[in-house]
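What follows is a short report on a single structure.
The values are calculated or read from the model by the stated rules, or taken from the named source; none is laboratory data. Computed from a prediction, not measured in an experiment: that's the story for all the values here. No Cβ is skipped: glycine too gets one built from the backbone with ideal geometry, and neighbour counts run over all protein chains shown. For accessibility, only protein heavy atoms count, side chains too; no ligands or nucleic acids. Shrake-Rupley method; radii C 1.70, N 1.55, O 1.52, S 1.80 Å.
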There are 2 protein chains.
Amino acid sequence: MKQDLRILKTQESLRHALLTLLKTKPLESITIAELCRLAKINRGTFYSHYKNVHDVFKHYLEVIVEDFRHAYEEPYHKTNFHIQHIEADMIKIFHHVKKYQDFYQIIFDERIPMMYYYQLFDTVRSFMQMSIDDSYLELDKSIKVDYLISYQTNAILGILIEWHRQGYETSIQELNQQLITILSINSPFRKM
Amino acid sequence: MKQDLRILKTQESLRHALLTLLKTKPLESITIAELCRLAKINRGTFYSHYKNVHDVFKHYLEVIVEDFRHAYEEPYHKTNFHIQHIEADMIKIFHHVKKYQDFYQIIFDERIPMMYYYQLFDTVRSFMQMSIDDSYLELDKSIKVDYLISYQTNAILGILIEWHRQGYETSIQELNQQLITILSINSPFRKM
DNA sequence: ATAGTTAATGTACACATGTTCAATATCTTA
DNA sequence: TAAGATATTGAACATGTGTACATTAACTAT
């Protein structure tokens with residue numbers, strides 16, 4: 001059973017139209033009607049593929065997250081956990097966000113729904129989980145690991161929020177240096 | 001110059017109508033037209049007070065944040081920084097969120113814009129800044145304090161996100177115990 | 001109590017949203 | 001390539017959005 005070409009064409013037209021519009025106006029001000037006019041798609045057809053404009057944007061974030069996972073899951077990750085690896089892990093996050101800065105500027109925008117933040121959160125969290133699993137094997141039994149992981153994950157995202165607010169002016173190298181300093185103060189990943 | 005009573009009446013009607021509607025449906029599905037019908041306010045009048053439904057909701061969050069600041073700024077804060085104080089500080093955040101759980105359930109909803117998250121972030125961040133100012137006076141000169149503070153702040157919010165996702169089932173006492181454990185692992189506020 | 005100010009109302013308009021349905025066009029598979 | 005399946009279109013409808021403006025109502029200050 002082949003994928004129907006009409007569906008592909010419709011979705012690609014809409015996605016392409018969104019990218020085009022994003023060059024000239026913010027995501028929140030793009031209407032479904034506008035998107036359909038540009039894509040030359042009947043507005044009724046839109047609703048059989050997407051619920052709203054965010055639904056179209058979501059596709060790109062999924063591609064981006066997939067690229068993120070790829071960059072993250074490299075061979076050395078099979079090795080055991082070291083503090084050096086955390087540095088390497090996090091600098092990858094910074095590189096990733098910088099690479100897709102145009103998108104992350106949208107995602108961190110105050111008018112945009114939390115869903116994108118949560119998608120990033122979940123991705124970073126799954127990486128953090130792998131690190132924690134490796135390094136905190138003999139954790140205090142009283143700790144609920146979920147809270148620890150969400151704490152650590154969101155801490156990293158806090159750096160991204162700060163980066164965003166400062167207009168992504170801090171260089172990746174500087175950012176990494178800051179993180180190393182913060183971690184050396186907090187030592188969240190020191191051997192136990 | 002007195003505040004015009006008509007303005008107060010209009011705004012209070014709209015705010016009251018919003019609270020009423022929130023009992024039966026999610027914020028994102030409440031329309032301006034609906035709000036105005038219930039409040040018996042002409043829809044045109046709405047726009048001379050608010051830009052959208054979120055603008056009306058924002059008022060409540062401001063009241064809530066004000067209450068938060070009050071609860072936070074108590075006498076003992078004049079004393080010097082101790083790890084015990086951080087515990088006390090953070091358990092206040094948990095109490096606060098629990099007190100206004102109905103609102104925070106909305107704020108952390110994935111459909112809701114980031115602006116509310118940022119408002120909470122900024123509030124907690126200002127508290128964190130006070131703590132950092134007290135305790136990290138002789139910080140490594142190479143650190144950009146903004147990144148450190150945003151890191152610490154968002155870490156705490158990470159716990160709130162996890163709390164939200166688990167349906168606020170964890171008790172405040174348990175949450176506080178978790179935080180103490182996490183802090184004792186990470187020691188982010190230990191004396192330097 | 002009144003004059004002057006200003007907020008609220010009612011109406012209208014152009015456009016967006018979300019849904020429905022019959023007619024048409026385009027695909028897939030045999 | 002023809003038949004059957006299904007996606008797209010166009011049209012219509014009720015409702016929401018954002019804005020404008022003349023009219024009416026309510027308020028403040030004197």
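Across segment A:77-97, what is the total count of residues that are at pLDDT 95 or above and either outside any helix (DSSP H, G or I) or open to solvent by less than 30 Å² (accessible area, probe 1.4 Å) (or both)? Break it down into steps so the answer makes sense when it comes.
Step one: of segment A:77-97, the residues at pLDDT 95 or above are A:94-97.
Now restrict to residues that are either outside any helix (DSSP H, G or I) or open to solvent by less than 30 Å² (accessible area, probe 1.4 Å) (or both): A:94, A:96-97.
Total meeting the criteria: 3.
Taking segment B:42-74 only, how many residues are more than 11 Å from DNA strand C (Cβ to nearest atom), farther than 17 Å from residue A:110 by Cα and of a type in the set (Val, Ile, Thr)?
3
Return the residue satisfying two criteria in turn: it lies in segment A:1-18 and is free of Cβ contacts under 8 Å to residues at least 12 places away in the same chain and open to solvent by 60 Å² or more (accessible area, probe 1.4 Å), and of such residues it is nearest to DNA strand D (Cβ to nearest atom). Give the derivation first.
So in segment A:1-18, the residues free of Cβ contacts under 8 Å to residues at least 12 places away in the same chain come out as A:1-6, A:8-9, A:12.
Still in the running and open to solvent by 60 Å² or more (accessible area, probe 1.4 Å): A:1-3, A:5-6, A:8-9, A:12.
Details: A:1: 9, A:2: 11, A:3: 10, A:5: 9, A:6: 4, A:8: 8, A:9: 6, A:12: 10 Å.
Result: A:6.
Can we say residue B:34 is more than 21 Å from the chain's Cα centre (by Cα), over 17 Å from residue B:108 (Cα atoms) and among the acidic types (Asp, Glu)? Working first, answer last.
Details: more than 21 Å from the chain's Cα centre (by Cα): yes; over 17 Å from residue B:108 (Cα atoms): yes; among the acidic types (Asp, Glu): yes.
The answer is yes for residue B:34.
Whether any residue in segment B:62-74 is of a type in the set (A, V, I, L, M), modelled with pLDDT of 95 or more and not assigned by TED's automatic domain parsing to the domain that holds residue B:103 is what I want to check.
The answer is no; no qualifying residue exists.
Those residues that are closer than 29 Å to residue A:98 by Cα, away from DNA strand D (no atom under 14 Å from the Cβ) and open to solvent by 50 Å² or more (accessible area, probe 1.4 Å), I need them from segment A:26-66; list them, please.
Listed by number, the residues that qualify are A:58, A:59, A:62, A:63, A:66.
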